[in-house]
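Colleague: I am attaching a structure below and will ask some questions about it afterwards.
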Amino acid sequence: MSNVEAQDNSSSQMVKVRVIGPDGSLTAPMLVPKVEKNDAEWQKELTPEQYQITRAKGTEPAFCGNLLDNHREGIYHCVDCELPLFSSDAKFNSGTGWPSFFQPIAEENVMMRRDNSYGMQRIEILCARCGAHLGHVFDDGPAPTRLRFCLNSAALTFVDKGKEIPEKTGGPAGTAKPGR
């Protein structure tokens with residue numbers, strides 16, 4: 001986690017991420033437009049709970065999220081912009097009350113930023129494409145990474161394996177769609 005600040009792409013108009021390609025698998029890293037919306041636009045698109053967590057950096061109560069006990073195979077996407085973030089292959093039961101993963105689906109798809117709020121020193125996890133707050137990462141996870149990406153269910157949508165929806169690509173630079 002030493003490269004925390006280096007992964008913060010929030011100031012650029014384009015971000016490098018991996019998306020779901022036409023064959024249902026992750027693409028190579030590609031530049032896509034950053035999803036930028038004002039608060040009114042986000043509030044119109046998201047439920048109050050989703051907005052509170054992803055845009056206002058809230059946290060859902062432990063053991064209450066709808067994806068905590070999800071044991072299906074598939075991919076967890078950002079609820080705000082649909083970027084693939086975590087695979088069920090990396091999910092584990094941490095006993096903390098939130099969905100936990102030992103690694104993201106692609107390093108490029110998450111940003112990490114120091115978070116010193118509430119008198120604690122933590123590392124915040126954000127969606128690389130839209131900046132949605134997802135949760136925090138800790139160094140008490142299982143092998144092989146020893147990391148625990150602790151996420152809010154309300155920040156995620158789940159897509160079952162085999163039902164992946166590829167991003168539409170096109171245009172002169174071959175960029176992916178910018179989300180919803």
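Colleague: Looking at region 29-46, is at least one residue β-branched (Val, Ile, Thr), modelled with pLDDT under 95, assigned to a loop (DSSP other than H, G, I, E, B) and open to solvent by less than 60 Å² (accessible area, probe 1.4 Å)?
Modeller: no
Colleague: From the list 75, 105, which residue is part of a loop (DSSP other than H, G, I, E, B), under 25 Å from residue 26 (Cβ atoms) and open to solvent by less than 70 Å² (accessible area, probe 1.4 Å)? It would help to see each step written out before you state the result.
Modeller: Numbers: 75 fails: part of a loop (DSSP other than H, G, I, E, B).
None of the other options fit; the residue is 105.
Colleague: When both residues are 6+ apart or on different chains and their Cβ atoms are under 7 Å apart, which pairs have a first residue that lies in region 84-113 and is acidic (Asp, Glu), and a second that is modelled with pLDDT of 95 or more and assigned to a strand (DSSP E or B)?
Modeller: 108/16; 108/17
Colleague: Follow-up question, since we're still on this one. Condition first: in a loop (DSSP other than H, G, I, E, B) and over 14 Å from the mean Cα position of the chain (by Cα). Now tell me which residues in region 48-66 satisfy that. Steps first, please.
Modeller: Taking region 48-66 first, the residues in a loop (DSSP other than H, G, I, E, B) are 55-66.
Scanning region 48-66 gives 56, 58, 59, 60, 61, 62, 63, 64, 65, 66.
Colleague: Now for a different question. Residue pairs, Cβ under 6 Å, 6 or more apart or interchain, first in region 134-150 and among the small types (Gly, Ala, Ser), second open to solvent by less than 40 Å² (accessible area, probe 1.4 Å). List them.
Modeller: Between residues of region 134-150 that are among the small types (Gly, Ala, Ser) and residues that are open to solvent by less than 40 Å² (accessible area, probe 1.4 Å), the close pairs are 135/125; 135/150; 135/151; 135/152; 141/102; 141/147; 141/148.
Colleague: Continuing with the same structure: Out of all the residues in region 47-60, is one or more surrounded by fewer than 18 Cβ atoms within 10 Å (Cβ to Cβ) and touching a Phe, Trp or Tyr at 6+ places or on another chain (Cβ under 8 Å)?
Modeller: no
Colleague: Sticking with this one: Are there any pairs with C-beta distances below 7 angstrom linking a residue in region 49-75 that is modelled with pLDDT of 95 or more to a residue that is crowded, with 17+ Cβ neighbours inside 10 Å and of a type in the set (Asp, Glu), with the two at least 6 apart or on different chains, and if so which?
Modeller: Matching pairs, first to second residue: 53/60; 54/80; 75/164.
Colleague: Kindly evaluate residue 72 against the criterion of being touching an Asp or Glu at 6+ places or on another chain (Cβ under 7 Å) and more than 26 Å from residue 43 (Cβ to Cβ).
Modeller: Working: touching an Asp or Glu at 6+ places or on another chain (Cβ under 7 Å): yes; more than 26 Å from residue 43 (Cβ to Cβ): yes.
So residue 72 fits the description; yes.
The values are calculated or read from the model by the stated rules, or taken from the named source; none is laboratory data. Worth saying up front: this structure is predicted, and the values here are computed from it rather than measured. Neighbour counts are summed over all protein chains in view; Cβ atoms, including those assigned to glycine, are modelled from backbone coordinates with ideal geometry. When the accessible area is computed, the model is the full protein with side chains, heavy atoms only, and any ligands, DNA or RNA have been set aside. Shrake-Rupley method; radii C 1.70, N 1.55, O 1.52, S 1.80 Å.
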